[in-house]
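Report on one structure; see the data block that follows.
What follows is calculated from the coordinates using simple rules that are stated; it is not laboratory data. None of these values were measured; they are calculated from a predicted model. A quick note on method: Cβ atoms are made from the backbone with ideal geometry, for glycine too, and the neighbour counts reach across all protein chains shown.
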Amino acid sequence: MEENNFPITNWSEDDKPREKLMLKGKSALSDAELIAILIGSGSRNESAVGLSKRILASVDNNLNALGKLSLSQLMNFKGIGEAKAISIMAAMELGRRRRAEEAVELKKITSSKMIFELMQPIIGELPHEEFWVLYLNNSNKVLSKSQQGKGGITGTVADTRLVFKVALELGATAIILCHNHPSGNLKPSEADKKLTQKLKAAGQTLDIPVLDHVIITENGYYSFVDEDIL
């Protein structure tokens, strides 16, 4: 008996790739299924997956070749109108740009000064506090920078669960905490210290250590590690 009240066999052909992605993850889908999600629907006589397979077959199942097709070439396929053709072209272009960006070396954090240089342009001159997290891989390279809290002039808070939810989703192996002091005062408040300890304890439980907490102002920074209070 199916545990799902609406088993996959009952879904329309055009919905199956979407549900498959939700249940099994994006890597489980074939190229045709991914393209089917882009175009959304097929025609009365052909599913979106069937139409996608036909398009791929025309370019020998080569995505690079697909990315070179023009709008008019895509629209030559029965069932592909202007909107669907544009969706395919946009996705192919995003893929091309992503490949180009993957060649850029991730920034490796080796000191608190590097954290300051990375984050000062983002939060150093704001009139309110923001709490950010740097998510690192096992080489201490920055996978992502994420704002995890925003406050007023005098303080900010962050949700521990959300901080580590993002870490788990990214596969991060360590994090660095950052926030700014609009007042220019670099000294951490008691609230800053308590938040740091709370996140540190959660990180120890999940084996995702907090490597530092850096307070940033327009012209300077304070590192919990450098001051030996982490």
I'd like the FRET efficiency for E227 and D159, computed as 1/(1 + (r/R0)^6) with the beta carbon distance as r and R0 of 35 Å, rounded to 0.05. 0.85
Pop the C-beta distance of N138 and Q73 into the FRET formula with R0 = 30 Å and round what comes out to the nearest 0.05. 0.10
Of (1) 117; (2) 129; (3) 186, which one was derived for volume of the Cα convex hull per residue in Å³ from the structure shown? (3)
Take the chain, mark every one of the trypsin sites (Lys or Arg not before Pro) that falls in a DSSP loop and has at most 16 other Cβ within 10 Å, then report the longest stretch left between them, sites excluded. 108-230
Loop-only check: which GluC sites (Glu not before Pro) in the range 93-122 are DSSP coil with at most 15 other Cβ within 10 angstrom? E105
Mean Kyte-Doolittle of at least 0.5 plus a Cα span of 20 Å or more along the axis: flag which DSSP H helices in the chain meet both, please. none
Provide, as a two-decimal number, the C-alpha radius of gyration of the range 8-102 over 2.2 N^0.38 Å, N being how many residues it has. 1.06
If you restrict to DSSP beta bridges whose two residues both lie in the chain, what percentage is antiparallel, to the nearest 5? 75
Using 0.36 nm per residue of separation minus the Cα-Cα distance, give me the extension gain between H128 and N61 in nm, one decimal. 18.9 nm
Quick one: length gained pulling T205 to A191 fully straight, 0.36 nm per residue minus the C-alpha distance? 2.9 nm
With 0.36 nm assigned to each residue of separation and the Cα-Cα distance removed, K150 to R99 gains 15.1 nm
In terms of Cα to Cα distance under 26 Å, which lysines are near enough to K165, apart from those fewer than 8 places away along the same chain? K20, K24, K26, K107, K108, K141, K145, K150, K193, K194, K198, K200
Highest GNM mean-square fluctuation, the chain, Cα pairs closer than 10 Å: which of S58, S146, S111? S58
What does the helix-only formula give at 222 nm for the chain: each DSSP H stretch with n ≥ 4 adding -39500 (n - 2.57), the total divided by the residues, and the result rounded to the nearest 500 deg cm²/dmol? -13000 deg cm²/dmol
